[in-house]
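Undergrad: Just passing along the structure, written as structure tokens.
The values are calculated or read from the model by the stated rules, or taken from the named source; none is laboratory data. This one's a predicted model, so the numbers in the text were calculated from it and none came from an experiment. Here Cβ is always computed from backbone atoms with ideal geometry, including for glycine, and neighbour counts include all displayed protein chains.
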Amino acid sequence: MQRKDFIIVGQGIAGTLLAEALLRRGCSVILFDGRPEIPAASEYAGGILHAGVGKDLSIDPFLKQCLGVSISTYRSLEGRYQTECFTEQSMLLFKEGHGLAVVDEGLQQRLQHLFHTIHPPTLFQPVFQLDVVRFLLAARQCLIHEHVLQEEVLDPEKLDVGNDGVAYSKFEAERIIFCEGVSAMRSRYFGRLPFIKNRGDVLQLHIPDLPSGYVYEKEVRLVARANATWWCGSNHQWVYNHLNPDTTWREHVLHQLKGWLKVPFEITDHTVAERPTTAGQFPLIGMHPAYHRVGILNGLGTRGLTLAPWYAEHFAALLCGEIHEIPGYNHARFLKALQDS
């Protein structure tokens, strides 16, 4: 048997960042991810990070602190993974009522050739963009090369959890942490936590004449990808019985885009992802009180890309005995959710 400090289940954003935070502390880690046919929900994310909240996008102090950790974390991992996937952007808002300053006259004139506008758009900064697919792929290649990642699905029926540690396949570890996204809803340890499952549709557009230096937002958000490809989304459906593309939503967005964009565009793909969150988007982070060798990092919600570096770093510090609690986290609420389940 190979001895490890931690087994981590799931190589989405949460699992990747927690593994990296533990590795930086000198811990030995083995990460299991079988890469299902439907990619992780984090791969469908628009990839935008900022600290604004509400219609006026006022700066939230905690999110601002998390954003600072996110910037340093993603930029550091860009270097480690030898990839470019994290950039600073500006967001142009084609909406009324948020109190931000309008763009200057020169930009207004340029935008008039691109968009049908009644009111001058406003500018929100700073905004950052993570190319989630490129980031996770680069992380995967690096972790496979370093023999940290096992490309297989962990079978919970073969997991042995004892008082002194956990064992799975050829590995023994002190603890196991589940970071497996929506699959956690079926977990024997955490499956009865207050997860709320939802699905979201995303369009992929080809817009060759739209400048890629901005994120554009009106009824939908447009985020640049490579080769004049744009992410367009997304919606949230809480009641559903399939993961087929929502054609009604697509036609509605198509109508909105035709009324907004002056430049030609084409829909090239329509994808759907299933995403886990919780009531109030309360993150689920900690060790199970009854199975103290089993932990979870999940349910980070729509702000996951901004929150994940903060929570992964502090959860790793907690696991390694550097701190006694995660700053600002309501651990009593986490324990109550487990007890109520």
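Undergrad: With respect to Asp60, determine if the residue is under 19 Å from Ala308 (Cβ atoms), without any contact (Cβ under 8 Å) to a residue 40 or more places away in the chain and among the acidic types (Asp, Glu).
TA: The answer is yes for Asp60.
Undergrad: Among the β-branched types (Val, Ile, Thr), surrounded by 19 or more Cβ atoms within 10 Å (Cβ to Cβ) and part of a helix (DSSP H, G or I), is that true of Thr306?
TA: Considered against the rule, which asks whether it is among the β-branched types (Val, Ile, Thr), surrounded by 19 or more Cβ atoms within 10 Å (Cβ to Cβ) and part of a helix (DSSP H, G or I), Thr306 comes out as yes.
Undergrad: Residues of segment 89-118 being assigned to a strand (DSSP E or B) and small (Gly, Ala, Ser), which ones?
TA: Result: Ser90, single match.
Undergrad: Also, I was wondering about something else. So Ala279 fits all but one of (1) among the small types (Gly, Ala, Ser); (2) surrounded by fewer than 23 Cβ atoms within 10 Å (Cβ to Cβ); (3) in contact with a helix residue (DSSP H, G or I) (Cβ under 7 Å, 6 or more places away or on another chain); what number is the exception?
TA: Only one criterion is unmet by Ala279, namely (3).
Undergrad: Yes or no: segment 7-18 includes at least one residue that is hydrophobic (A, V, I, L, M, F, W, C), closer than 30 Å to Glu274 by Cβ and surrounded by fewer than 16 Cβ atoms within 10 Å (Cβ to Cβ).
TA: Checked against the condition, which is being hydrophobic (A, V, I, L, M, F, W, C), closer than 30 Å to Glu274 by Cβ and surrounded by fewer than 16 Cβ atoms within 10 Å (Cβ to Cβ), segment 7-18 yields no hits at all.
Undergrad: Next up: If I go through segment 189-213 residue by residue, how many of them are more than 20 Å from the chain's Cα centre (by Cα) and modelled with pLDDT of 90 or more?
TA: Final tally of qualifying residues: 8.
Undergrad: Name the pairs: first residue in segment 309-336 and more than 23 Å from Glu180 (Cα to Cα), second residue of a type in the set (Phe, Trp, Tyr), Cβ to Cβ under 7 Å, at least 6 apart or on different chains?
TA: Gly328/Phe62
Undergrad: If you don't mind, there's one more thing I want to ask. Being in contact with a Phe, Trp or Tyr (Cβ under 8 Å, 6 or more places away or on another chain) and not hydrophobic (A, V, I, L, M, F, W, C) is the filter here, so list the residues in segment 169-193 that pass it.
TA: Glu174, Arg175, Ser187, Tyr189 - these are the residues of segment 169-193 that are in contact with a Phe, Trp or Tyr (Cβ under 8 Å, 6 or more places away or on another chain) and not hydrophobic (A, V, I, L, M, F, W, C).
Undergrad: Restricted to segment 145-181, and to residues that are part of a helix (DSSP H, G or I) and either crowded, with 20+ Cβ neighbours inside 10 Å or acidic (Asp, Glu) (or both), which residue is modelled with the lowest pLDDT?
TA: Among residues in segment 145-181 that are part of a helix (DSSP H, G or I) and either crowded, with 20+ Cβ neighbours inside 10 Å or acidic (Asp, Glu) (or both), the one modelled with the lowest pLDDT is Gly181.
Undergrad: Can I ask one more? Would segment 179-192 turn up any residue that is within 30 Å of His270 (Cβ to Cβ) and of a type in the set (Phe, Trp, Tyr)?
TA: No.
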